[in-house]
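The values are calculated or read from the model by the stated rules, or taken from the named source; none is laboratory data. The structure presented is a predicted model; accordingly, all values stated were derived computationally and were not measured. We place every Cβ from the backbone using ideal geometry, glycine too, and count neighbours over all the protein chains shown.
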Amino acid sequence: MNERQGISIAILTTNQDDVEVVNKALRDAGHAAHCHWIRQSDAFDTMLRNDRVELIILNCDSYPDAIRQVIRQKDAYIPEVPVIATSHSVDEAHIDQAMQQGAADLVSMKTRSRLQAVVERELRAFRVEQALNSTLQSATGYRKQLYHYMQGSNSAIAYVHEGIVIEVNRAWLKLFQVKEAEEVRGLPLMDNFEPQSQAAIKGAIIATTKGKWQHGEKLIAKSRLVENANADLELDFQLVDFGEGPQIQVRIAPPEKPAEEPTKLVHEALKRDPTTLFFNRATFLERITRRLASKPKSGMHALAYIKPDDFSEVRSKVGILATEEILSQFAEELRKRMHPRDVAGRFEGTVVMALLERGNERDAEVWGQQLVDHMNAHKFKIGEQTVELTCTVGVCAVSGIYSSLDELVAAAAEAHKAGKDAGGNTVRLSESTDADTRLRKHDAIWVKRIKEALKDSRFRLANLPIAGLRSDTIKMYDMLVRMIDEQGGAILPSEFMPAAGRNNLMKLIDRWIMAASINFGFEEKADRVFVRLSRQSMQDPQLCDWLKKELAKKDISPSVIVAQVPEQEAAKYIKQTRETVEQLRKLGLRFALEHYGVDRNRFQILDILKPDYIKIDGELMHALTTDTQMQNSVRQLAAAAEQRKIETIAERVENANAMAVLFQLGVNYMQGHYVHEPEVILQEAVNVAKTTLEAIASN
């Protein structure tokens, strides 16, 4: 025993000297012993009823009862307490005989050291067993309390082990329309949910098991068994352990059913197109007018003009009465591809327009292409008939070059027309001659503002943390930039970067961001700092010499800096990109491909450029949670990257569903609003070289 404690001992003997021998032996060993001298069985029975002892010592030579009888008597009260037998004659045969009769051991009173050792051994074993039993009883009591609590809870609760349901409460049975718990126990949890939700649930279970599920986070899923199958269920996951191994508690809060006044429901229905269930034209225009009056917190707005191709052929195939059903199905597939902040309306005929909120114009184009590809592959059904239907999408980025909503809508419609004239089944960005004229005037204003901001040090960094999915992450940041206007307000990159790119200012901005990011990495002791380089910088022959000088100014390892470029840009200018990447690696920098698409599974570029990281296109994240084909593509990409020792990062992860799916697809890291909002560094991050400022002023 590590601690010397008071010991309560019953000594069964007719010789009082035995009591003194035991007492002295234990005191010499540092124990305070309280000895009960028992001379006959009646007194022993009384002591067992009234007193608590931890050990019984029986003198076989003087006590009237045999070992077996003493064992039976004490077992009626305290079966767990050990009995140590003593005798003047002790050998292997006598020890074996005593233990066969139930004694823990047989010792001689003459050998005090062995007596002390045996007493300590048995007391230690007894106390450990007592503590273990107490723990088990507490756990059992806790399980009972928890069972009664879960049965009385209004929330549906299930306990899951390795994906198998082991216990549910009455609310769970009611929610999933099951009569008895036995019908659920032993079955996979996945059996309760639609296939589109299963990947996220699997990922959430794995994440919870590994301690990666955030407390209080909700997963949105659809059930195949509940009464209203279209209703979203909010699942909460928690890791629990009752001594029988870890289990996952899955809790589903009772769905809220707010009572709505019939008049309110009627008014809401009047705002909707009855076929598509999108807003009608008047309501849609009213909604987007309000949206466009304020800028998004990040990124930009884009207007999409979506129309099925050759709908007259569909009408001739299914009949005029069934065309609205086809359009309804088309609208439902479109709805699945929209983000929560998007708003759509039936504009005219078969045209649907949607106001998108995206990071930049390219993201809106990618979304349109994904929609086109999805509709092209989808089979629409009317009765026994199967109908194929493609669509064309025109996209127009919302910017200052359009002075009215009419001009914006006209530009999106013109982009659609260009796509349809090219054969349809495609997406097109707005590119009109009239828009080019307005664009040049628009750019002239921004060029002046950008130069003044650079000269007046009105640029600020914003860092976006990157979090680990598979393990605890090192300190990694994606660096963003904000331009501060004359009134002190922050201007998002989506507003000024396009003009900077069109007017050869990106090299100057890139150098400011790179210099500031090197300073940030040094100050924050970051492990990785991701910095974007534009095509202009990647083709700049002086970039690496400039970088070498900047890195020398700070005591920072070049490997902290990760230069990142979009996959499409790298693929388009593969030779120049490879040459620049080789020079960057000689300086010690790392390299990443961002906005990496998975639709083509192009792994050749990975073998050519050998990036250290690839960032999976953020525009995929929304559809990823329900699109099993896309999930398989991401899984293949993650596996291909792992084979090449490339780490994967998911962009723009905004909710728990996306995180859970990514977790079980093998992706290494994630970034986005689910991890952390971009944090603007308000103080001046770095002083750009004087020569750079002079170069800006002279242009």
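Observations, loosely collected:
- When the stretch 78-89 is filtered for residues that are over 60 Å from the mean Cα position of the chain (by Cα) and at pLDDT 90 or above, the ones remaining, listed by number, are A85, T86, S87.
- The residue that is surrounded by the fewest Cβ atoms within 10 Å (Cβ to Cβ), counting only those in the stretch 290-312 that are under 31 Å from the mean Cα position of the chain (by Cα) and part of a loop (DSSP other than H, G, I, E, B), is S294.
- Boolean, S517 is at pLDDT 85 or above and among the polar types (S, T, N, Q): yes
- Just one residue in the set R281, R287 is over 37 Å from the mean Cα position of the chain (by Cα), at pLDDT 90 or above, assigned by TED's automatic domain parsing to the domain that holds G383 and over 30 Å from E384 (Cβ atoms); that residue is R281.
- Selection of the stretch 588-631 for residues being under 21 Å from S559 (Cβ atoms) and either in contact with a Gly (Cβ under 7 Å, 6 or more places away or on another chain) or not charged (D, E, K, R) (or both) yields G588, L589, F591, A592, L593, L606, L609, P611, Y613, I614.
- If you go through the stretch 471-496 and pick out every residue that is surrounded by fewer than 17 Cβ atoms within 10 Å (Cβ to Cβ) and either in a loop (DSSP other than H, G, I, E, B) or modelled with pLDDT of 90 or more (or both), you end up with 9.
- Test: residue in the stretch 610-620 that is part of a loop (DSSP other than H, G, I, E, B), buried (at least 18 other Cβ atoms within 10 Å of the Cβ) and among the aliphatic types (A, V, I, L, M): no
- Cross-chain or 6+ apart pairs with Cβ under 9 Å, the stretch 631-645 first and aliphatic (A, V, I, L, M), then at pLDDT below 90 and in a helix (DSSP H, G or I): V634/L620; V634/L624
- Only one entry of V119, V21, V107 meets the criterion of being of a type in the set (V, I, T) and under 58 Å from the mean Cα position of the chain (by Cα), and that entry is V119.
- D18, sole failed condition from (1) at pLDDT 90 or above; (2) surrounded by 15 or more Cβ atoms within 10 Å (Cβ to Cβ); (3) not β-branched (V, I, T): (1)
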